[in-house]
Amino acid sequence: MRTKTYDASCHCGSVRFKFTTEDITTGRRCNCSICVRKGVVMSSRYFRPSEVEVEGTENLTVYRFGDKDVNHCFCRTCGISPFSTVGSVPADYDGPARPGDYRINLGCVHDIDALALHIEVINGKAL
């Protein structure tokens, strides 16, 4: 499997991050109330905290709503949401996400046209 290191940032560059993964060819959009409003294409997979290097965390703030299981991170300066992190998971949860995991906004990744990817829509309204 071929891997690549991707560089990414918010719009103003106050929050920068990089991660290494296989070539990104797909993304996900969610129909929950916040994702529809943000309109972002997120990574298809979750990334463990050890897989993502973030600089400028002091420029991030977090929005939580509903069950408060997801930390919707965004830049205090430009308002862009470079990623979300998993805050907690229910005791009976058997999915892939673990507390601290990242879901990356592919629109923030340099050298990727997020809207040109194969995009799967997931039903976040049902969660």
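Checked against (1) under 14 Å from the mean Cα position of the chain (by Cα); (2) in contact (Cβ under 8 Å) with a residue 60 or more places away in the chain, His11 meets all criteria but (1). Yes or no: Glu53 among the acidic types (Asp, Glu) and touching a residue at least 24 places away in the same chain (Cβ under 8 Å)? It is true that Glu53 is among the acidic types (Asp, Glu) and touching a residue at least 24 places away in the same chain (Cβ under 8 Å). Taking residues in segment 90-105 that are more than 22 Å from Arg37 (Cβ to Cβ), and partners anywhere that are aliphatic (A, V, I, L, M) and surrounded by 10 or more Cβ atoms within 10 Å (Cβ to Cβ), the pairs with Cβ atoms closer than 6 Å and at least 6 places apart or on different chains are Pro99/Val86; Asp101/Val86.
Values in this text are rule-based calculations from the coordinates and carry no lab data. For clarity, every value in this text was computed on a predicted model and none was experimentally measured. Every residue, glycine among them, receives a Cβ derived from its backbone with ideal geometry; neighbour counts consider all protein chains shown.
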